[in-house]
Amino acid sequence: MNEQVLNATARAMVADGRGLLAADESTGTIEKRFKTIGVENSEANRRAYRDMLFTTPGFEQHTSGVILFEETLFQSGLDGTPFPKLLESKGVIPGIKVDKGTKPLAGAPNEVITEGLDGLRDRLAKYKEAGARFAKWRAVITIGDGIPSDYCIHTNAHALARYAALCQEADIVPIVEPEVLMDADNTLEVCEAVTNRTLAAVFDELGRQRVLLEGMVLKPNMVVSGKKCPVQADIRTVATATLRTLKRHVPAAVPGIAFLSGGQSDLDATAHLDAMNRMGPHPWKLTFSYGRALQAAALKAWGGANVEAGKKAHLHRSKMNGLAALGQWDAKLEKAA
Ligand code: 13P
C-alpha cells in the first residue's frame, strides 16, 4: 500500500469544484434507463451513449473522475481510443464499480447484502492494468417495518471494509458507499437515525480492518424524507441534518465526501449540495458522485441519436454541480440555460 498515491488520488477526486460522474450502470440497470427513451440495450448503443458523455467538451472542468462499469473499462470510444485513456487524456480519473450487486440477506426478510468479494484481489489487478485508479462498492440499507436490522447494517459494513482494504492493497482508492435508500414513507428523522447507525458501523469496521482514512472517499446518501413521506423536508433542513450526521461519524482524515443522488430530482441534488457547502467550512470536501442527477437530462436529450443535445445537457448539469461543490450555484443559472 502506497499511502502517498492513495491520498493524492483521493484528494484529486474531490478537488475544488469537481466531482464524480457515476456512469457505472450494470447492463441490467442501463436497460431500464434506455427503455425510458426507447433505445435498444445493445453493446453498440451503450458504447455510443458513454462516448457522448465522455467526449462532452469542457465537462472535465467539473468532473474529476468517472465510475465505469466493467464492460466500459475495456471498451474503446468511437475514435478507437480505450475509454480509460480517453478520460486520462482530459485529466479525468477512470474508476470501476467492483461489486457484483445485491442478493437477499439470509434470514433477513426484505434486506440485502452486496456480493463480490471472492476473487476481488485478482480482479483489482486486472482493473488496475486497464487504467482504473479508484473503485466503488455500493451497500444498500433498506428502511421499512422493523428494518434495517443491526445484522444487515453490520454484515454490509464488514463487506465494505473488506473491499476497501483490498483496494488499498492494490493502490486503488475505494469509494465506500453505504446507501440508505430514500424510497419509503419514512420521515427525515428516521433517515437520520438509520444513517447514524450505518455510518457508525461503517467507520468501526474500516478501523478494525486497517483502512487508511486518508486514502478513501465516502459516498453516502443525504439525510432526506422518504420519497413517499407526505411531509418533505426543505433544502435547509436536509442540508443541516446531513451535515449534523456526517460530523458525528466521519473523521477529518477522510479527504472528501461525494454524495449519491439516490433518486432526488436533478435540481434538489444540486441545491442540497450547494446549501451544505454554503454552511462551511467543513473538515472534508463535499462534492457529488451522481448517476441519475447528472445523466437524466443528457439521456433524454440524446434519445439515441442527438449527440450534440446530449452533450449540451450533460455539460450544463456538470457545471451546475461543479458550482454547487463550491457553494456558488444559483437557481437563476438553471433558468438562464
Ligand atoms: P445515483 O446518483 O443515481 O444514486 O447513482 C449514484 C451511484 O453510483 C449509486 O451507486
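The values are calculated or read from the model by the stated rules, or taken from the named source; none is laboratory data. Keep in mind that this is a model prediction, so the values were computed, not measured. With ideal geometry, Cβ positions are generated from the backbone for all residues, glycine too; neighbour counts draw on all protein chains shown.
For region 253-270, the set of residues classified as of a type in the set (A, V, I, L, M, F, W, C) and within 21 Å of Thr29 (Cβ to Cβ) consists of Ala258, Phe259, Leu260, Ala269, listed by residue number. Among residues of region 153-165 that are under 16 Å from Leu213 (Cα atoms), those with a beta-carbon under 6 Å from a residue that is of a type in the set (Asp, Glu) at least six positions away or on a different chain give the pairs Ala157/Glu205; His158/Glu205; Ala161/Glu205. You will find that of Leu188, Leu160, Leu260, Leu181, the residue that is modelled with pLDDT of 95 or more, in contact with a strand residue (DSSP E or B) (Cβ under 8 Å, 6 or more places away or on another chain) and more than 29 Å from Ala298 (Cβ to Cβ) is Leu160 and no other. For region 80-99, filtered to residues that are part of a loop (DSSP other than H, G, I, E, B) and touching a residue at least 24 places away in the same chain (Cβ under 8 Å), the residue that is surrounded by the most Cβ atoms within 10 Å (Cβ to Cβ) is Val98.
Specify the residue that is surrounded by the most Cβ atoms within 10 Å (Cβ to Cβ); the eligible residues are those in region 1-49 that are among the hydroxyl-bearing types (Ser, Thr, Tyr) and part of a helix (DSSP H, G or I). Selected residue: Tyr49. Within region 193-207, is even one residue within 15 Å of the ligand (Cβ to nearest atom) and over 18 Å from the mean Cα position of the chain (by Cα)? No: zero hits. Among the residues of region 61-102, those that are under 23 Å from Ala309 (Cα atoms), under 17 Å from the mean Cα position of the chain (by Cα) and either more than 16 Å from the ligand (Cβ to nearest atom) or among the hydrophobic types (A, V, I, L, M, F, W, C) (or both) comprise Val66, Ile67, Leu68, Val92.
Among the residues examined, Ala23 qualifies as at pLDDT 95 or above, under 13 Å from Leu299 (Cα atoms) and among the hydrophobic types (A, V, I, L, M, F, W, C). The set of residues in region 247-275 that are in a helix (DSSP H, G or I) and either within 13 Å of the chain's Cα centre (by Cα) or within 11 Å of the ligand (Cβ to nearest atom) (or both) comprises Asp266, Ala269.
Take the conditions (1) in contact with a Gly (Cβ under 9 Å, 6 or more places away or on another chain); (2) under 30 Å from Thr63 (Cα atoms); Asp185 misses just one of them, which is (2).
Would you confirm, using the coordinates I've provided, whether Ile113 is of a type in the set (Val, Ile, Thr), modelled with pLDDT of 95 or more, away from the ligand (no atom under 13 Å from the Cβ) and within 30 Å of Thr55 (Cα to Cα)?
Working: of a type in the set (Val, Ile, Thr): yes; modelled with pLDDT of 95 or more: yes; away from the ligand (no atom under 13 Å from the Cβ): yes; within 30 Å of Thr55 (Cα to Cα): no.
For Ile113, the condition - of a type in the set (Val, Ile, Thr), modelled with pLDDT of 95 or more, away from the ligand (no atom under 13 Å from the Cβ) and within 30 Å of Thr55 (Cα to Cα) - is not met.
Tallying residues that are more than 12 Å from the ligand (Cβ to nearest atom), in contact (Cβ under 8 Å) with a residue 12 or more places away in the chain, out of contact with any Gly (no Cβ under 8 Å at 6 or more places or on another chain) and part of a helix (DSSP H, G or I) within region 283-308 yields 3. Looking only at region 258-283, residues that are of a type outside the set (A, V, I, L, M) and touching a Ser or Thr at 6+ places or on another chain (Cβ under 6 Å) come to 0 in all.
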